[in-house]
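Shown next, in structure tokens, is the structure this report addresses.
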Amino acid sequence: MSRKLVKHTEEQQKESIRLSGRNIYTDKQNRTIYYDRITRKGYLIEGRHVQAATFYKNRFVIAVIAAILLAATILTPIQSVIAGAVMLVLAELAFRLSFLKKLEQAENIDFEKRVSALQYIVEEKGKGRVLSLAVLYLIAAALVVLNALDQQYDTPAMILSGCVALIGIYFSVLHFVGLAKISQNESGKTKRR
């Protein structure tokens, strides 16, 4: 009976960690909370809001990648920078005026922990998925640089592409570290048996 209770508690804790990143916390009541530093308010993120929260959490990266793709295809670098800035402003307005309004404000927030991206990777993603993402981020970083060199971008677009490639490398390294921790945890569990 106690084993069932322990398993049930572990499942509840696992369910409470749905998102990770800056400004996302799990409080002592096991609620997932987005803390907005501008308004200094906390917002509860429930299961139905997780996909939208994931999109809005990555809104800046998505806008930058879209701007690079536009520069590589149909727009000049200056036009793509302007388009990227417009996308950033629109995403921020949608986040503040639409998404945050849908969320319930959290009362009595007692922050217990912030779920780091590494912790989220180790606890929520499978080993195969982590390896795939690590390799894909690395390939994406290389492709962004190769595209910039092939298209012979001017200096600002080249710098922007380099920044995106660095972000890809960062996430690749993060996933490789997560993979090592997952393997370490698995080997630790087999040694105990």
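The values are calculated or read from the model by the stated rules, or taken from the named source; none is laboratory data. Not measured: the values here are computed from a predicted model. We place every Cβ from the backbone using ideal geometry, glycine too, and count neighbours over all the protein chains shown.
When you go through L133, L103 one by one, which is the residue that is closer than 29 Å to N30 by Cα and either assigned by TED's automatic domain parsing to the domain that holds R48 or without any contact (Cβ under 8 Å) to a residue 24 or more places away in the chain (or both)?
Details: L133 fails: either assigned by TED's automatic domain parsing to the domain that holds R48 or without any contact (Cβ under 8 Å) to a residue 24 or more places away in the chain (or both).
That would be L103, the only listed residue that is closer than 29 Å to N30 by Cα and either assigned by TED's automatic domain parsing to the domain that holds R48 or without any contact (Cβ under 8 Å) to a residue 24 or more places away in the chain (or both).
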- Query: Can you name the residue in region 117-130 that is over 22 Å from C163 (Cα atoms) and surrounded by fewer than 17 Cβ atoms within 10 Å (Cβ to Cβ) and is also modelled with the lowest pLDDT among such residues?
  - Reply: E124
- Answer yes if at least one residue in region 49-64 is part of a loop (DSSP other than H, G, I, E, B) and either more than 24 Å from G178 (Cα to Cα) or at pLDDT 80 or above (or both), and no otherwise. yes
- Does S172 satisfy the criteria of being of a type in the set (G, A, S), under 14 Å from the mean Cα position of the chain (by Cα), part of a helix (DSSP H, G or I) and surrounded by 13 or more Cβ atoms within 10 Å (Cβ to Cβ)? yes
- Task: Determine if region 9-19 includes at least one residue that is touching a Lys or Arg at 6+ places or on another chain (Cβ under 9 Å), within 15 Å of Q119 (Cβ to Cβ), surrounded by 15 or more Cβ atoms within 10 Å (Cβ to Cβ) and modelled with pLDDT under 70.
- Result: yes
- Message: Please determine whether any residue of region 72-93 is modelled with pLDDT under 85 and under 30 Å from F176 (Cα atoms).
- Response: yes
- Message: If S98 satisfies all but one of (1) over 30 Å from Q152 (Cβ atoms); (2) modelled with pLDDT of 85 or more; (3) within 14 Å of the chain's Cα centre (by Cα), what's the number of the condition it fails?
- Response: (3)
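Name the single residue, out of those in region 131-169 being polar (S, T, N, Q) and in a helix (DSSP H, G or I), that is surrounded by the most Cβ atoms within 10 Å (Cβ to Cβ).
Step one: filter region 131-169 for residues polar (S, T, N, Q), giving 132, 147, 151-152, 155, 161.
Of the ones still in play, those that are also in a helix (DSSP H, G or I) are 132, 147, 151, 155, 161.
Values: S132: 13, N147: 16, Q151: 15, T155: 8, S161: 23.
Looking at the filtered set, the residue picked out is S161.
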- Message: Looking only at region 40-63, filter to residues that are in contact with a helix residue (DSSP H, G or I) (Cβ under 8 Å, 6 or more places away or on another chain) and not aromatic (F, W, Y); which one of those is nearest to Q105 (Cα to Cα)?
- Response: I45
